[in-house]
Amino acid sequence: MLIKIYPENPAPRHIKMVIDVLNSGGIVIFPTDTIYGMGCSIQHIKTANRIAQIKGSKITKFSLIFNNLSMLSEFTKPIDNNIFRLMKKALPGPFTFILPANHNVPKIFHSKKKTIGIRIPDNNIISTIVEELGHPVITTSIKDKEDTLAEYITDPELIHEKYQDVVDLVIDGGAGENEPSTIVDCTSGEPEVIREGLGIIEL
């Protein structure tokens, strides 16, 4: 199913449709402030395994989408003040922050270092969805390995055409970006950019 949601004013009935799909263990493709993401509720780990099979990637490479910083304390270990200030300045925005995970993050997501990627995109659609859902959404980016010219698909109609048989819902929130988020590793206490992406940050 493909539904159009306008970022300026997401229709409550459409948001409810998305929430119902996520709560029932479904897979949703949604816009962010970078690449379109494929995700599910953190409460449905079996669905995350399905996404890993679709992507051909490991769950430990997935991130969690939050809608604000206050939600982080439920899933991360205490954050140093300097890291928190950096995140507060950068978010919402096109960044993924790698932080130490606490026991509330399902073990299946833990790398050997027990870390988790955190995203708070500057996109009203996914932000509203997470706020209404009440807990994080597991996410991974949509890649187009078959296209030699573009690594990422940016057109939601093409995304729907490609994934309609393996996901439950695709949100058309307009054209996406073709550059991923900037990844900042904060696990050592000193932030380090480990992938340059759309976001520009001063450390």
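The values are calculated or read from the model by the stated rules, or taken from the named source; none is laboratory data. Note that the structure is a prediction, hence the values are computed from the model and not measured. Note that each Cβ is placed from the backbone with ideal geometry, even for glycine, and that neighbours are counted across all protein chains shown.
For residue 158, the conditions (1) more than 21 Å from residue 56 (Cα to Cα); (2) hydrophobic (A, V, I, L, M, F, W, C); (3) without any contact (Cβ under 8 Å) to a residue 12 or more places away in the chain are fulfilled apart from (1).
Considering only segment 18-41, state which residues are more than 24 Å from residue 152 (Cα to Cα), out of contact with any Asp or Glu (no Cβ under 6 Å at 6 or more places or on another chain) and either charged (D, E, K, R) or crowded, with 17+ Cβ neighbours inside 10 Å (or both). Don't jump to the end; show me each part of the working.
So in segment 18-41, the residues more than 24 Å from residue 152 (Cα to Cα) come out as 19-21, 23-25.
Imposing the further condition that a residue be out of contact with any Asp or Glu (no Cβ under 6 Å at 6 or more places or on another chain) reduces the set to 20, 23-25.
If the condition is that a residue be more than 24 Å from residue 152 (Cα to Cα), out of contact with any Asp or Glu (no Cβ under 6 Å at 6 or more places or on another chain) and either charged (D, E, K, R) or crowded, with 17+ Cβ neighbours inside 10 Å (or both), then 20 is the only one that fits.
Taking only segment 176-203 into account, find how many residues are in a strand (DSSP E or B), within 16 Å of residue 93 (Cα to Cα) and without any contact (Cβ under 8 Å) to a residue 12 or more places away in the chain. Total meeting the criteria: 1. Considering only residues that are of a type in the set (D, E, K, R) and within 12 Å of the chain's Cα centre (by Cα), look in segment 93-145 and name the one that is surrounded by the most Cβ atoms within 10 Å (Cβ to Cβ). Out of the qualifying residues, it is 119.
Answer yes or no as to whether residue 25 is at pLDDT 95 or above and farther than 30 Å from residue 194 by Cβ. Spell out the reasoning first.
Numbers: at pLDDT 95 or above: yes; farther than 30 Å from residue 194 by Cβ: yes.
Here the answer is yes, as residue 25 does meet what is asked.
Restricting segment 7-23 to residues that are without any contact (Cβ under 8 Å) to a residue 60 or more places away in the chain and part of a loop (DSSP other than H, G, I, E, B), which is farthest from residue 182 (Cα to Cα)? My answer is 11.
Specify the residue that is farthest from residue 80 (Cα to Cα); the eligible residues are those in segment 148-175 that are of a type in the set (D, E, K, R) and part of a loop (DSSP other than H, G, I, E, B).
Of segment 148-175, the ones of a type in the set (D, E, K, R) are 151, 155, 157, 161-162, 165, 168, 172.
Among the residues that remain, those that are also part of a loop (DSSP other than H, G, I, E, B) are: 151, 155, 165, 168.
On the way: 151: 35, 155: 39, 165: 44, 168: 39 Å.
Restricting to residues being of a type in the set (D, E, K, R) and part of a loop (DSSP other than H, G, I, E, B), the top hit is 165.
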